[in-house]
Amino acid sequence: MADWARRIEQGWYAGSPWLAPLRPLGWLVSRVARRRLRRFRAAAPVPPVPVLVVGNVTVGGTGKTPLVIALARRARERGLTVVVISRGYGGESDDYPLTVRADDDPARVGDEPLLIARRAAVPVVLDPRRARALDEAVRRHGADLVISDDGLQHYALPRSAEVAVIDARRGLGNGRCLPAGPLREPADRLDQVDFLVANGGRWPGALTMHLVPGDPQRLADGEALDAARFRERHPAVHAVAGIGNPERFFRTLDLLGLAVTPHAFPDHHAFQASDLAFGDQRPVIMTEKDAVKCQGFDDPRLWTLPVRADLPPVTLDAMIDRTLSPGEEKQ
């Protein structure tokens, strides 16, 4: 992330007064967002199959991708033919709609879609026009449930239910819309979703979700060590995160008792081997999203820390059931 962008983001969450000149633009974004939502609600488009949108109202990472994976896996366990659709941010292809394969190049399909395809073991269809991805999910893959990774504000996509994820620690910053604050839509948009999920703590009216770390795994050979053994063998590490909220990842490693030297990169950064040359032989541990772009580096120093969304199965079932039977009372 450029220094100016990082400074603006920090200002959003610190309530910095120097952002005050941007407030008229934030008001305009808020007004346009409300108008777009009203038009969408008035049109009330009905999708061809049940569609669950998992998104957020803030810029930056909130933990929605692990929730998408958990929902897709739970739906598959229930015998549903589930397909995830995504814009495919971070990838470049001349051929859309595109179905992600587990061995695809992340530069072509994007890091998050590839991670979802591998972890959830369901088809992931990419298209910047999500309505076209939805058609492909139904026509080609026979989906009877579609989960949209992001797209809460993509009103060309009809939906049956919505889940919004917020970071409980960061919250909504100064509560203003872009560029004066971190919000894509006004905060009261959260009152209109079917389920509100707070990642990492409590939030009024929200279900609480935690991202639970698994065993660190080495990229080169897949060796896994539990946290205690990893800490004993590698007490000091370089930590790499090219995600929307890198501090959350660094904090997780701190809680595991590791001495961390943090290295934050822009979200969806296209890693090169030289990015990870820190002048010593300490292990380099990274997020799963970053690891899908670094597996070909053949470097035994590289490890990843998998995480899973910790929500009761009954909660995941409630989200799926609401999507399959829209119109019931909101959570």
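The values are calculated or read from the model by the stated rules, or taken from the named source; none is laboratory data. Because the structure is predicted, anything quoted here is derived from the model rather than measured. All Cβ positions, even for glycine, are placed from backbone atoms using ideal geometry, and neighbour counts span all protein chains on display. The protein model used for the area step is the full one, side chains on, heavy atoms only, and it has no ligands, DNA or RNA in it. Shrake-Rupley method; radii C 1.70, N 1.55, O 1.52, S 1.80 Å.
The figures follow:
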{"item": "Potential lengthening between Arg169 and Arg139 on full extension [0.36 nm per residue; Cα-Cα distance subtracted]", "result": "6.7 nm"}
{"item": "At R0 = 56 Å, FRET efficiency that the Cβ-Cβ distance of Leu28 and Asp221 yields, to 0.05", "result": "0.60"}
{"item": "Helix-only CD estimate at 222 nm, as mean residue ellipticity for the chain, using -39500 (n - 2.57) per DSSP H run (n ≥ 4)", "result": "-9500 deg cm²/dmol"}
{"item": "5 angstrom amide H check on Gly90, placed H, neighbours 5+ away", "result": "none"}
{"item": "Fully extended contour minus Cα-Cα distance, from Ser274 to Arg132, at 0.36 nm per residue", "result": "47.3 nm"}
{"item": "Size-normalised alpha-carbon gyration radius of the chain, reference 2.2 N^0.38 Å", "result": "0.99"}
{"item": "Prolate/oblate/rounded call for segment 89-167, Cα gyration tensor, a/c under 1.5 rounded", "result": "rounded"}
{"item": "Selected from Pro97, Pro235, Pro262 as most flexible by GNM, with the chain as the system and alpha-carbon contacts under 10 Å", "result": "Pro235"}
{"item": "Burial ranking of peptide ranges 199-208, 40-49 (average Cβ count within 10 Å, highest at the top)", "result": "199-208, 40-49"}
{"item": "Segment 1-124: equivalent-ellipsoid semi-axes (sqrt of 5 x gyration tensor eigenvalues, Cα, Å)", "result": "32, 21, 15"}
{"item": "Nitroxide proxy distance, nm - points 7 Å out along Cα→Cβ at Ala43 and His210", "result": "4.2 nm"}
{"item": "Shape call, segment 146-216: gyration tensor on alpha carbons, a/c limit 1.5", "result": "oblate"}
{"item": "Charge-dipole axis of the chain as Lys and Arg at +1 and Asp and Glu at -1 on Cβ define it, positive-most pick from Gly88, Thr62, Gly242", "result": "Thr62"}
{"item": "For His210, residues with placed amide H under 5 Å, excluding near neighbours", "result": "Gly200, Asp310"}
{"item": "Rounded to 5, percent antiparallel among DSSP beta bridges of the chain", "result": "20 percent"}
{"item": "Between segment 66-138 and segment 201-278, the alpha-carbon center distance in angstrom", "result": "24 Å"}
{"item": "Rg to Rh quotient for segment 44-106, alpha carbon positions, Kirkwood Rh", "result": "0.97"}
{"item": "With DNA, RNA and ligands ignored, accessible area of Glu247 (1.4 Å probe; Å², nearest 10)", "result": "100 Å²"}
{"item": "Tail beyond 13 Å, pair distance distribution of segment 180-247 (Cα, percent)", "result": "79 percent"}
{"item": "P(r) tail fraction, segment 258-331 - alpha-carbon pairs more than 19 Å apart, %", "result": "53 percent"}
{"item": "Cα-based shape type of segment 14-67, given that a ≥ b ≥ c are square roots of the gyration tensor eigenvalues and the cut on a/c is 1.5", "result": "oblate"}
{"item": "Highest-MSF residue in the chain out of Val138, Val124, Val83 [GNM, Cα springs under 10 Å]", "result": "Val138"}
{"item": "FRET efficiency for Ala102 and Arg35, using Cβ-Cβ distance with R0 set to 45 Å, rounded to 0.05", "result": "0.65"}
{"item": "Globularity ratio of segment 163-304, using Cα Rg and 2.2 N^0.38 Å", "result": "1.20"}
